[in-house]
Amino acid sequence: MAICSAHTTTTSLHSPCTTVSNAGFRQRQVIFFTSNRRSGGRRHGGARTCFQVSCSVDKPVVIGLAADSGCGKSTFMRRLTSVFGGAAVPPKGGNPDSNTLISDTTTVICLDDYHSLDRNGRKEYGVTALDPRANNFDLMYEQVKAIKDGQAVEKPIYNHVTGLLDPPELITPPKIFVIEGLHPMFDQRVRDLLDFSIYLDISDEVKFAWKIQRDMAERGHSLESIQASIEARKPDFDAYIDPQKQYADAVIEVLPTQLIPGDNEGKVLRVKLIMKEGVKFFNPVYLFDEGSSISWVPCGRKLTCSYPGIKFAYGPDTYFGNEVSVLEMDGQFDKLDELIYVESHLSNLSTKFYGEVTQQMLKHADFPGSNNGTGLFQTIIGLKIRDLYEQIVAERAGVPAEAAKV
């Protein structure tokens with residue numbers, strides 16, 4: 001649905017009318033002119049009359065994803081864009097080191113692009129990328145707001161390869177605009193622009209185990225250097241990144257397993273999906289009976305479980321003073337196709353057909369976390385965001401939600 005209006009302007013014959021397309025879901029303007037007998041236009045003493053037709057359509061839905069570096073944001077974004085269809089790829093013909101991903105319906109930008117200091121600048125001033133002083137929040141707000149209002153922007157690029165700030169790239173408004181990075185909920189102005197927000201909360205124990213696995217095995221770093229790197233970032237993380245989870249509509253919390261006493265390898269995980277109650281267009285997922293407290297060990301004939309098994313839990317709780325529903329999974333799947341058994345006991349999944357969660361998980365079986373709660377809950381949140389998008393678009397257009405399905 002679009003609402004159009006028209007008006008005229010008068011310009012010099014030597015000042016051409018222009019065509020402006022805000023190339024998104026907010027507004028498209030077509031401007032044409034008449035100035036001679038053939039076109040039948042009205043003359044104003046050597047002037048031409050421009051007729052402007054402006055059509056307002058749906059604004060992009062803006063999603064925020066916050067997490068520390070190395071905590072699975074990229075994998076989550078790949079799962080999310082897959083739910084909407086189409087592969088997410090860098091802008092065609094643009095900077096090969098761009099952090100932006102574009103699919104048929106989504107554009108994902110990395111908020112590292114709003115660093116105000118490059119790598120050498122941060123060293124010179126003695127600050128980390130987590131420090132607000134190393135980031136341009138005014139520009140971040142202005143550009144996210146512009147995109148939400150349907151206007152294209154020239155967004156800067158932070159080059160993670162060189163550590164330098166590269167020339168900007170053009171970003172046009174998509175259907176779903178995702179901002180991911182360290183600070184999507186730090187600045188209240190930006191936070192207020194979000195239609196939905198997620199925080200990936202990786203416990204210190206798991207983060208340390210993951211970093212050891214990656215940096216020692218793949219990059220040859222020593223245990224001491226890894227620990228020093230984590231400790232150097234921790235004060236800024238605790239001060240500027242971690243507090244953002246209190247504002248999130250959904251939190252995926254990753255903890256050490258409780259099924260193996262004293263485990264510190266981080267290979268078997270306990271994952272919580274913390275869902276805020278009362279969020280418009282978002283109904284928390286529940287297990288068996290909404291609002292009840294449930295503990296469930298599904299291992300048996302319908303779900304293969306090797307040591308240490310799988311355990312689910314669900315129930316109401318409070319989180320930073322907010323009422324929440326919490327769904328928890330501890331353990332991992334042996335056979336991913338058997339996830340359909342678990343899926344059949346979950347409600348409010350916002351799937352379009354029976355088994356869609358399992359299908360999405362099988363589709364990306366090679367993604368990190370596909371055999372545990374991180375992949376499962378990221379997939380579920382992706383489906384919930386799709387449903388939220390459809391409801392927002394339907395409300396704006398004044399039509400039933402079914403009419404806005406993607």
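Summary of computed values
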| item | result |
| --- | --- |
| Chain lengthening between Asp149 and Glu290 when straightened (0.36 nm per residue, less Cα-Cα) | 47.0 nm |
| Residues of region 333-401: accessible area per residue with a 1.4 Å probe, Å² | 37 |
| Cα-based equivalent ellipsoid, region 249-385: semi-axes from gyration tensor eigenvalues, Å | 22, 18, 14 |
| Percent of alpha-carbon pairs separated by more than 21 Å within region 73-150 | 44 |
| Ranked packing of 303-310, 288-295, 192-199, most packed first, by mean Cβ within 10 Å | 192-199, 303-310, 288-295 |
| Percent accessible area from carbon and sulfur atoms, region 58-202, protein chains only, probe 1.4 Å | 49 |
| Sequence-separation-based contact order of region 58-202, relative, with Cα cut under 8 Å and 6+ spacing, percent | 39 |
| Accessible area of Leu164 in the full protein assembly, 1.4 Å probe (Å², nearest 10) | 80 |
| Overall dimensions of region 58-202 as given by Cα atoms, namely Rg and Dmax in Å | 14.3, 45 |
| Span from the region 328-365 Cα centroid across to the region 56-114 one, whole angstrom | 24 |
| Length added when fully stretched, Glu277-Leu164, from 0.36 nm per residue minus Cα-Cα | 36.5 nm |
| Share of carbon and sulfur in the accessible heavy-atom surface of region 325-394 [1.4 Å probe, %] | 47 |
| Highest-first arrangement of 76-88, 332-344, where packing means the average Cβ count within 10 Å | 76-88, 332-344 |
| Table column - 3J(HN,Hα) (Hz), region 200-208, Karplus curve with 6.51, -1.76, 1.60, x for Gly and Pro | 9, 10, 9, 5, 4, 5, 6, 4, 5 |
| Rg/Rg_globular for region 249-316, with Rg_globular taken as 2.2 N^0.38 Å and Rg from C-alpha atoms | 1.30 |
| In Hz, Karplus ³J(HN,Hα) per residue of region 319-326 (6.51, -1.76, 1.60; θ = phi - 60°; x = Gly, Pro) | 9, 6, x, 9, 6, 9, 10, 10 |
| Pairs beyond 29 Å (Cα-Cα), from Lys73/Lys276; Lys175/Lys352; Lys234/Lys280; Lys73/Lys384; Lys92/Lys207; Lys234/Lys384 | Lys234/Lys280; Lys92/Lys207; Lys234/Lys384 |
| HN-Hα J in Hz across region 281-293 - Karplus 6.51, -1.76, 1.60, θ = phi - 60°, x for Gly and Pro | 6, 10, 9, x, 6, 9, 10, 6, 9, 4, x, 7, 9 |
| For peptides 345-355, 129-139, 272-282, sequence by mean Cβ density within 10 Å, most packed first | 272-282, 129-139, 345-355 |
| In nm, spacing of pseudo-spin labels at His345 and Lys405 (7 Å Cα→C-beta vector) | 2.9 |
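The values are calculated or read from the model by the stated rules, or taken from the named source; none is laboratory data. What you are looking at is a predicted structure, and each value in this text was computed from that prediction instead of being measured. All Cβ positions, even for glycine, are placed from backbone atoms using ideal geometry, and neighbour counts span all protein chains on display. Heads up: the accessible areas ignore ligands, DNA and RNA and are worked out on the full protein's heavy atoms, side chains in. Shrake-Rupley method; radii C 1.70, N 1.55, O 1.52, S 1.80 Å.
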